[in-house]
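Working notes, structure below.
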């Protein structure tokens, strides 16, 4: 199902770019796939049902001793430090953002502590699978290619993909991206996969969102294809940049990544997620971190058994 695009009104040298082949980054994206997924096609909730559990285990039935945590009683989380409003470190040195605050609420339902550690996105999924972290929290789109590496919880968010450009640039949206456009992406992301495989354009790859955006501002690249949430967190008045186009994508909801060898932890997180949806915490945090965004009517978080309370 085609989802209509929504337009939002709204000094780091290029040598810092990590311009390398994704074949060298542990398979965190599906670059090189013979049948790439067009991240902008979108789909309805029925298509996602094959990945969404029918219901969840009751919280009081969760055996915390069986969760296989690196540190018993504590969830060790790999996350990013520079991608507001989803995952970042605030001025006081606290890991925060929508994804991380929601995870804190889920952990509280399970009576577990949370310890966050910063990492890069390109290595995050392999680090989760190799149990360097119990969970990956990074607004991760749950593509089929990634499901070959790690397991995912039920969805807690959906995605938008954006094109960010200079205010006076010729790039006004996705249709203006050509082989002559210098396009910034963060290595290993869905946006990297989209530009590389769907558009078949070789992008300029960066290790983090701050560097990608800095290179757009200083003119080293012509456009940045980014998750809209992160684009919103980076673009500030006076920067001379604009979110030229933002397109909803519910083809792959976002979820927390867990090692494929740890189904018990996936089940526990799904239980906690349903609990914070049912008691209104999910709605409260969503409104707090995304005050102007509307959730598509075709998408809902958590298992099929839980209902988002009416506000």
Between residue 108 and residue 198, the FRET efficiency computed from the C-beta separation at R0 = 35 Å comes out, to the nearest 0.05, as 0.35
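Ranking 186, 114, 221 by Cβ neighbours within 10 Å, fewest first, what do you get? Walk me through the numbers before you get to the answer.
On the way: 186 30, 114 19, 221 25.
Ordered by Cβ neighbours within 10 Å, fewest first: 114, 221, 186.
Just the Kirkwood number for segment 75-118, please: inverse of mean 1/r across all distinct Cα pairs, in Å, one decimal. Don't jump to the answer; show the numbers that get you there.
On the way: mean 1/r = 0.0965 Å⁻¹.
Kirkwood radius, segment 75-118: 10.4 Å.
Evaluate Rg over Rh across segment 153-311, taking Cα atoms for both radii and Kirkwood's formula for Rh. Walk me through the intermediate numbers first.
Working: Rg = 17.7 Å, Rh = 17.2 Å.
When Rh is taken as the Kirkwood radius, the ratio is 1.03.
Please report 141, 283 as a ranked list, fewest other C-beta atoms within 10 angstrom at the top and most at the bottom. Could the numbers behind the result be given before it?
Values: 141 25, 283 17.
Going from least to most buried by this count: 283, 141.
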Between the alpha carbon centres of segment 64-92 and segment 188-255 the gap in Å comes to 24 Å
Using a basic spin-label model with each label point 7 Å from the Cα along Cα→Cβ, how many nm lie between residue 91 and residue 130?
3.8 nm
Quick one: P(r) of segment 108-244 from all Cα-Cα pairs, 5 Å bins, percents rounded to integers, in order of increasing distance.
2, 9, 19, 21, 18, 13, 9, 6, 3, 1, 0
Place a point 7 Å from Cα of residue 290 in the direction of its Cβ. Which residues in segment 194-226 have their backbone N less than 17 Å from it?
226
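So how much slack lies between residue 64 and residue 278, counting 0.36 nm per residue of separation and subtracting their Cα-Cα distance, in nm?
74.9 nm
Kindly put 189, 307, 232 in sequence by how many other C-beta atoms sit within 10 Å of each C-beta, fewest to most.
On the way: 189 27, 307 11, 232 22.
Ordered by Cβ neighbours within 10 Å, fewest first: 307, 232, 189.
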Span from the segment 258-299 Cα centroid across to the segment 94-156 one, whole angstrom
12 Å
For segment 70-170, Rg(Cα) over 2.2 N^0.38 Å is 1.17
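Kindly state, to the nearest 0.05, the FRET efficiency for residue 170 paired with residue 117, given R0 = 51 Å and r defined as their beta-carbon distance. Could you put the intermediate results ahead of the total?
Working: r = 41 Å, r/R0 = 0.81.
Plugging the Cβ-Cβ distance into 1/(1 + (r/R0)^6) gives 0.80.
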Kirkwood-based shape ratio for segment 201-240, expressed as Rg/Rh from alpha carbons
0.93
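Every number here is computed from the coordinates shown, using simple stated rules; none is lab data. Remember, predicted model here, so these are calculated numbers, not experimental data. No Cβ is skipped: glycine too gets one built from the backbone with ideal geometry, and neighbour counts run over all protein chains shown.
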